[in-house]
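A.B. asks: First, the structure itself, so that you have it in front of you.
The values are calculated or read from the model by the stated rules, or taken from the named source; none is laboratory data. Note that this is a predicted model, so its numbers are computed, not measured. Glycine also receives a Cβ, built like all others from the backbone with ideal geometry; neighbour counts cover every protein chain displayed.
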Amino acid sequence: MKKAITLVILSLFTLAAHAQHFDWVKSYTGSDRPGHVDNWIVGSVSDSQGNLYVLGQCAHDAQIEGIPFVPINNHQECILIAKISPNGNIVWHKEIATPLHNTALSIRMIGDTAIVCMAGVTLQDEVYWLDTLYSDANHQLMSSDSLDDRTVTAFITLNLDGELLEHHFLQVAFLDSEGQVITTNRVTGNPDDSVTLMTLGLSGGTFCIDRCGNVIVIRDPSDEIPTIDGNGDFTLNSIENGLLSSIQILVDGHARFSVSPQGMPKKWNPMLLKFTPHFDTLITHQYLFQNEVGENTLDHIYSMIADGEGGIFVVVTETVSGYDEASANVTNLPVVFRRTNLVNSIVFKCDSALNPVFCKQLSMEESMDGMLEFHSLALDKNERNLFVSGLVYSQHETYPATIDSDTVDVVNKVFFLNIDAVTGQMNAYGKVKSTGNTGIERYFTSWQHQMCAENNRVFVPCYYTGNLFFGADSTYTADHLNNAICIWDTLGNAIGFIDMPTNSTNRVQPCYTLSLQDSILYISGFLESNSTVFLGDTEISFAGNSMAYIAKYVDTAFMTPYVHTNDPIDPGEVSITLVEDGTALVAYPNPFRQKVTIEVQGGEPLTETAWLTDLTGRRQQVRLTAEAPGRYTLDLTSRPQATYLLTLTTADGRQHTVRLLKQSDIFTR
């Protein structure tokens with residue numbers, strides 16, 4: 001029996017013939033340094049017009065379509081900022097390069113007016129800074145001459161035309177028990193080093209901006225300084241042993257904000273710092289944990305986002321191994337316990353004063369021989385639902401994973417959580433596993449992974465081996481390490497996936513950043529080690545150096561909500577009703593396994609010829625069978641399990657398009 005679950009759409013978009021396909025693929029490459037990957041994309045954002053803004057790394061001689069990025073040589077780890085139009089043209093590009101270490105970290109957008117990029121830059125010797133080559137970086141880029149060691153975390157604000165609006169450089173200095181800045185000679189014992197400060201950029205790899213323009217930065221493990229004994233061996237001095245009393249945040253070499261510890265934070269304790277929009281004032285700061293016991297190690301700060309009410313969401317992944325007992329108090333929240341050989345990952349919500357509001361903890365009691373991590377965050381448009389992607393990879397499948405105290409079936413699976421963004425209550429979760437060895441998700445480094453959620457869809461990049469049973473079967477060689485974008489609805493039902501197979505059997509060639517704007521999904525990744533990735537009809541191949549790529553994937557169905565049911569008795573019987581100009585068109589069941597029934601109410605009958613478009617953009621004619629006045633069936637038994645767009649035409653020439661999901665008879669959630 002057809003269920004009374006309906007979706008009414010007052011204005012239905014008319015879909016193009018090729019509704020789903022890769023519109024274009026762009027790539028760049030350059031000479032890698034020995035043992036390094038120098039060409040890759042860190043993150044991307046898109047504006048309301050579909051323009052893409054990317055932050056990444058590029059080699060000093062990198063080119064895209066024959067156009068060089070950096071017009072100078074002998075520099076390492078160049079930082080790239082670029083704007084790409086919806087048709088794939090490079091609108092502008094900016095680079096930062098020095099002879100020393102530089103790292104692109106994170107990118108954010110402020111409305112439709114500006115982008116802010118976070119990068120680690122060494123301001124020594126000559127610096128190629130955006131548009132101009134500076135030979136004296138100390139006087140040209142920083143207003144203070146008090147710092148000789150200028151390793152900074154740079155925040156760079158550009159308007160959407162690429163013009164520099166402002167930049168700021170943040171550093172951290174350590175203060176001793178008398179409040180004096182600890183200098184290098186305190187470490188090396190060399191008097192000649194007495195003028196060199198122990199200053200480094202912020203170590204956190206991500207940031208966010210709230211609705212007031214305030215910048216929230218996370219500083220992960222650093223409440224420690226090294227000392228060198230007579231044998232040249234390093235030891236660590238922390239706040240607890242009395243040498244280090246506090247830290248000092250330096251902005252542009254002159255604004256100094258001293259931060260005293262709260263409780264007795266260990267070296268691994270992440271700190272949130274909230275600055276006014278131009279870094280004039282440090283509004284507040286907060287350690288996430290207090291009064292912890294044991295020498296624990298924080299692995300990664302993966303993601304951080306802000307909501308419209310001033311709330312901040314943070315993902316923290318940490319490992320505890322080899323200690324009998326370890327625990328951490330979270331301000332105003334129950335204690336987060338960690339016992340011997342327990343690994344876990346935590347997502348926090350903090351209020352506008354950076355005080356924790358709730359935390360969700362993913363845990364698994366076993367030795368750390370795999371990965372158990374939250375990775376990325378996204379909010380839906382009404383900011384009621386928080387989505388968290390993650391991975392559990394373990395050689396001990398007998399150990400259960402838990403979210404707080406609830407057991408979840410996510411071991412050796414890619415998954416996402418749907419969490420109430422106000423209360424922290426877990427609403428639902430989705431998961432997928434391949435038929436290969438592990439079917440796991442993996443990312444190149446901690447801050448690169450981006451998920452997105454819109455119109456009741458959740459998108460998560462992953463890689464897999466074997467075939468995915470995910471609403472549509474993959475068909476590629478089982479031992480290859482393939483890329484995919486997994487797509488769920490917000491209740492955790494598998495909708496389908498975008499498959500990007502490779503020819504690699506021994507090395508991951510990951511896709512890792514996404515940016516969604518209406519019907520456009522931008523996907524980026526990189527290649528190394530003699531591999532090829534297949535993006536629709538386009539092949540991107542390794543040619544001796546690492547290669548970064550950006551692809552535009554178009555699916556007009558992304559603009560309309562997706563409906564699914566969890567009815568345990570008859571899960572396939574869902575009707576979707578489309579209403580336009582008084583004509584109601586109902587398709588059911590959806591998802592289906594063999595046949596679909598289409599009913600037309602209050603309008604012209606359908607022509608028996610329809611068009612079926614699959615995920616690759618292939619469009620074929622199909623024929624409807626008239627069963628009764630206003631009711632038709634379509635037999636798709638011979639079609640593979642996949643997601644389809646069915647375009648129907650009424651007798652008066654009007655077109656209606658329905659998204660259909662075919663499930664195999666063995667498909668299970």
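A.B. asks: Go through the stretch 32-58 and give me each residue that's of a type in the set (D, E, K, R) and within 15 Å of ILE115 (Cβ to Cβ).
C.D. replies: Kept after step one, since they are of a type in the set (D, E, K, R), are these residues of the stretch 32-58: 32-33, 38, 47.
The answer is ASP47, and nothing else.
A.B. asks: Condition first: at pLDDT 80 or above and either within 22 Å of PHE497 (Cα to Cα) or of a type in the set (Ser, Thr, Tyr) (or both). Can you find one or more residues in the stretch 575-582 that meet it?
C.D. replies: no
A.B. asks: Report the residue count in the stretch 591-613 for those that are farther than 17 Å from SER638 by Cα and part of a loop (DSSP other than H, G, I, E, B).
C.D. replies: 6
A.B. asks: I would also like to ask the following. Might you let me know whether the stretch 193-201 holds any residue that is part of a loop (DSSP other than H, G, I, E, B), at pLDDT below 65 and closer than 25 Å to ASN269 by Cβ? Let's see the steps before the verdict.
C.D. replies: Taking the stretch 193-201 first, the residues part of a loop (DSSP other than H, G, I, E, B) are 194-196, 198-199, 201.
Pick out the ones that are also at pLDDT below 65 and you get 194-196, 198.
Among the residues that remain, those that are also closer than 25 Å to ASN269 by Cβ are: 198.
Taking every residue of the stretch 193-201 in turn, at least one turns out to be part of a loop (DSSP other than H, G, I, E, B), at pLDDT below 65 and closer than 25 Å to ASN269 by Cβ.
A.B. asks: For the stretch 373-414, how many residues meet the condition of being under 14 Å from VAL314 (Cα atoms) and aliphatic (A, V, I, L, M)?
C.D. replies: Initial filter on the stretch 373-414 (under 14 Å from VAL314 (Cα atoms)): 373-379, 386-390.
Now narrow it down to the ones that are aliphatic (A, V, I, L, M): 377-379, 386, 388.
Residues in the stretch 373-414 being under 14 Å from VAL314 (Cα atoms) and aliphatic (A, V, I, L, M): 5 in total.
A.B. asks: Here's a follow-up. Scan the stretch 267-318 residue by residue and report those that are basic (Lys, Arg) and either surrounded by 23 or more Cβ atoms within 10 Å (Cβ to Cβ) or modelled with pLDDT of 75 or more (or both). Spell out how you get there, then give the answer.
C.D. replies: Keep residues of the stretch 267-318 that are basic (Lys, Arg), which gives 267, 274.
Answer for the stretch 267-318, where residues must be basic (Lys, Arg) and either surrounded by 23 or more Cβ atoms within 10 Å (Cβ to Cβ) or modelled with pLDDT of 75 or more (or both): just LYS274.
A.B. asks: Out of the residues in the stretch 127-170 meeting the condition of being within 33 Å of the chain's Cα centre (by Cα) and in a loop (DSSP other than H, G, I, E, B), tell me which one is modelled with the lowest pLDDT.
C.D. replies: Within the stretch 127-170, the match that is modelled with the lowest pLDDT is ASP149.
A.B. asks: Evaluate the following for VAL91: is it surrounded by fewer than 23 Cβ atoms within 10 Å (Cβ to Cβ) and in a loop (DSSP other than H, G, I, E, B)? Talk me through it step by step, then tell me what you get.
C.D. replies: On the way: surrounded by fewer than 23 Cβ atoms within 10 Å (Cβ to Cβ): yes; in a loop (DSSP other than H, G, I, E, B): no.
No, not satisfied.
A.B. asks: Another one. Among the listed residues ILE96, ILE84, which satisfies the condition of being among the hydrophobic types (A, V, I, L, M, F, W, C) and over 23 Å from the mean Cα position of the chain (by Cα)? Can you show your working first?
C.D. replies: On the way: ILE84 fails: over 23 Å from the mean Cα position of the chain (by Cα).
It is ILE96.
A.B. asks: From the residues in the stretch 621-638 that are surrounded by fewer than 16 Cβ atoms within 10 Å (Cβ to Cβ) and either part of a loop (DSSP other than H, G, I, E, B) or outside the structural domain of GLN594 (by TED's automatic domain parsing) (or both), which one is farthest from the chain's Cα centre (by Cα)?
C.D. replies: In this case the residue turns out to be PRO629.
A.B. asks: Turning to a different aspect of this structure: Of the residues that sit in the stretch 488-497 and are surrounded by fewer than 24 Cβ atoms within 10 Å (Cβ to Cβ) and among the hydrophobic types (A, V, I, L, M, F, W, C), which one is farthest from SER376 (Cα to Cα)?
C.D. replies: If we take residues in the stretch 488-497 being surrounded by fewer than 24 Cβ atoms within 10 Å (Cβ to Cβ) and among the hydrophobic types (A, V, I, L, M, F, W, C), then ILE495 is farthest from SER376 (Cα to Cα).
A.B. asks: Separate question: Hey, among the residues in the stretch 617-656 that are within 20 Å of PHE592 (Cα to Cα) and among the hydroxyl-bearing types (Ser, Thr, Tyr), which one's modelled with the lowest pLDDT?
C.D. replies: Filtering the stretch 617-656 for residues that are within 20 Å of PHE592 (Cα to Cα) and among the hydroxyl-bearing types (Ser, Thr, Tyr), the one modelled with the lowest pLDDT comes out as THR643.
A.B. asks: Test ILE498 against the stated conditions and say whether it is hydrophobic (A, V, I, L, M, F, W, C) and modelled with pLDDT of 85 or more.
C.D. replies: Numbers: hydrophobic (A, V, I, L, M, F, W, C): yes; modelled with pLDDT of 85 or more: no.
Answer is no for this residue.
A.B. asks: If the requirement is being modelled with pLDDT under 85, among the small types (Gly, Ala, Ser), surrounded by fewer than 20 Cβ atoms within 10 Å (Cβ to Cβ) and not assigned by TED's automatic domain parsing to the domain that holds TYR644, which of these qualifies: GLY536, GLY544? Even if it seems obvious, please write down each step before you answer.
C.D. replies: Working: GLY544 fails: modelled with pLDDT under 85.
Sole residue among the options that is modelled with pLDDT under 85, among the small types (Gly, Ala, Ser), surrounded by fewer than 20 Cβ atoms within 10 Å (Cβ to Cβ) and not assigned by TED's automatic domain parsing to the domain that holds TYR644: GLY536.
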